[in-house]
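Comments concern the structure below.
The values are calculated or read from the model by the stated rules, or taken from the named source; none is laboratory data. From a predicted model like this one, the values you see are computed outputs, not experimental measurements. Virtual Cβ from ideal backbone geometry, glycine too; neighbours counted across all protein chains shown. For accessibility, only protein heavy atoms count, side chains too; no ligands or nucleic acids. Shrake-Rupley method; radii C 1.70, N 1.55, O 1.52, S 1.80 Å.
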Amino acid sequence: MATDTLDIEQLIGWDGLFHDEERLVRANVRRFVKERCMPRIVADYEAGRFPLELVPELARLGLLGANLEGYGCAGMGALAYGLACHELEACDSGLRSFVSVQTSLAMYAIHRFGSEAQKTRWLPEMAAGRALGCFGLTEPGHGSDPGGMETRAERDGGDWVLTGRKLWITNAQIAHLAIVWARAKDGIRGFIVERDRRGFAAEDIPHKLSMRASVTGGLVLDGVRVPEGNRLPEAAGLKAPLACLDNARFGVAWGVLGAAQACFEIALKYACEREQFGTPIAAKQLVQLELADVASEVVKASLLSVHYARLKEAGRLHAAQTSLLKRNNCRIALEAARRCRAVLGANGVAGDFHVLRHAANLESTFTYEGTDQIHTLAIGRALTGSAAF
Ligand SMILES: Cc1cc2nc3c(=O)[nH]c(=O)nc-3n(C[C@H](O)[C@H](O)[C@H](O)COP(=O)(O)OP(=O)(O)OC[C@H]3O[C@@H](n4cnc5c(N)ncnc54)[C@H](O)[C@@H]3O)c2cc1C
């Protein structure tokens, strides 16, 4: 083997791209993941269990509401938040999904569209991990086209009555509050629904084969009555939930890179140690092709992600750029996981080697927060001015 080797982070040229605060966030989350998450993730995944015990530690690291200002939130920049997502998903996409939904969907919805009373009531509790949130947009009959939603919000005196179903909702069964999007007479509106409201229930989705260390369920709203004070006053129309998704996609795009890099590092180590035909398989040209291809895609996606993070910090990241980033990174991460899985041969399907778990999770990231195809069309619309949805 050549002695003059570069690891993937040297190949990316990470060092020099980050400020001190960003380096510190990355180091702290990396240590937390190594010490607290990695030792248990294989068992959690197999058991279909989200590690709820770790939530207070995620809160202490400032990761819940990380990129929001005030109300007990850490106020991190976009790149620091991206790096935190990267490190979490190097362990498991479910861990990062929990943080994404709490931070970028539930807390962000309240922070951006809520009243002052709603913000002071919920955000400090959510930042501390004492109140957990979920985000109910998708319905059994409406995923990519949420504008068709059937969940209704009807005025009754000073209250609202919510009726409908939501499906594929991350954190549904562990959430203390749900952000529920529903159709009112004057368009789509958002509501905070506490889980102890009469008529509200969260249901399991059985036999889930991806994101097994994440909680995913359905919400039943059977005439749930909430006061006007639970409506998000600044949210009017579909553009409100779409703004939340746009915000959350950025974290997804960064997270999946962490999974891709983890798969690459596992495959590289394995290839250097595994001998066949008298030499390590890392010395075989076809194995090097796999490693070089995966590394190239990870390097390119990482650098694009840094560039777009800086644009986001400057308030200049366009929604089409977020679509491009989400689509690109989810694609290359899934492809990386599949190719790395093959480098491990039969061991690639063993839980202890992690890669197939990442691949199974990345199938979900390919679909949620806008499918690959929907982001293709979003980019196409931005390029041509024609919506082809
Ligand atoms: C693990 C997991 C967690 C999730 N968490 C949440 C959550 O917390 N909150 C939430 O609200 N939702 C959540 N979702 C739902 C997710 O956002 C939806 O699955 C996604 O939006 C796609 O909707 P769908 O599954 O109904 O697929 P569909 O919309 O039915 O699409 C099926 C296929 O048709 C394609 N398609 C659809 N329209 C077009 C078109 N116009 N042109 C070309 N192709 C098209 C799609 O790309 C896809 O390949 C989660 C999903 C998963 C898997």
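Summary table below
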{"quantity": "Helix 319-343 axis, angle to the chain major axis (alpha carbon atoms, nearest 10°)", "calculated": "40 degrees"}
{"quantity": "Overall Cα dimensions of the stretch 1-121 - principal axes, largest extent first, Å", "calculated": "63, 39, 19"}
{"quantity": "Listed residues Y81, Y108 arranged by accessible area, highest first, probe 1.4 Å", "calculated": "Y108, Y81"}
{"quantity": "Probe 1.4 Å, all protein chains present, accessible-area order of L304, L356, largest first", "calculated": "L356, L304"}
{"quantity": "On Cα atoms only, tilt of 239-273 relative to the major axis of the chain in degrees", "calculated": "20 degrees"}
{"quantity": "Over the stretch 275-389, relative contact order from alpha-carbon pairs under 8 Å, at least 6 apart, %", "calculated": "24 percent"}
{"quantity": "Inter-part distance where the stretch 1-36 and the stretch 297-321 are each reduced to a Cα centre, Å", "calculated": "18 Å"}
{"quantity": "GNM flexibility winner over the chain from D196, D204, D145 (Cα, springs under 10 Å)", "calculated": "D196"}
{"quantity": "Cα→Cβ-extended label distance, 7 Å offset, between R36 and A201, nm", "calculated": "3.5 nm"}
{"quantity": "Extension gain (nm, one decimal) between K208 and C272, 0.36 nm per residue minus Cα-Cα", "calculated": "19.6 nm"}
{"quantity": "Sum of side-chain charges, V226 neighbourhood, beta-carbon under 9 Å (Lys, Arg +1; Asp, Glu -1)", "calculated": "0"}
{"quantity": "Peptides ranked, highest mean first, by Cβ atoms within 10 Å: ranges 331-344, 253-266", "calculated": "253-266, 331-344"}
{"quantity": "Inter-probe distance in nm under a simple model that places probes 7 Å from Cα toward Cβ, at E116 and E150", "calculated": "4.2 nm"}
{"quantity": "Accessible area (Å², per residue) of the chain, counting only protein heavy atoms and a probe of 1.4 Å", "calculated": "43 Å²"}
{"quantity": "Highest-first arrangement of 364-376, 171-183, where packing means the average Cβ count within 10 Å", "calculated": "171-183, 364-376"}
{"quantity": "Net charge dipole size for the chain [Lys, Arg +1 and Asp, Glu -1 on Cβ; Debye, nearest 20]", "calculated": "580 debye"}
{"quantity": "GNM top mover of A283, A295, A27 - the chain, alpha-carbon springs below 10 Å", "calculated": "A283"}
{"quantity": "Rg(Cα) / (2.2 N^0.38 Å) computed for the stretch 134-193, rounded to two decimals", "calculated": "1.09"}
{"quantity": "Overall form of the stretch 173-263 per C-alpha gyration tensor (a/c, 1.5; a/b vs b/c)", "calculated": "oblate"}
{"quantity": "FRET E, pair A283, R310, Förster distance 41 Å, beta-carbon r, rounded to 0.05", "calculated": "0.55"}
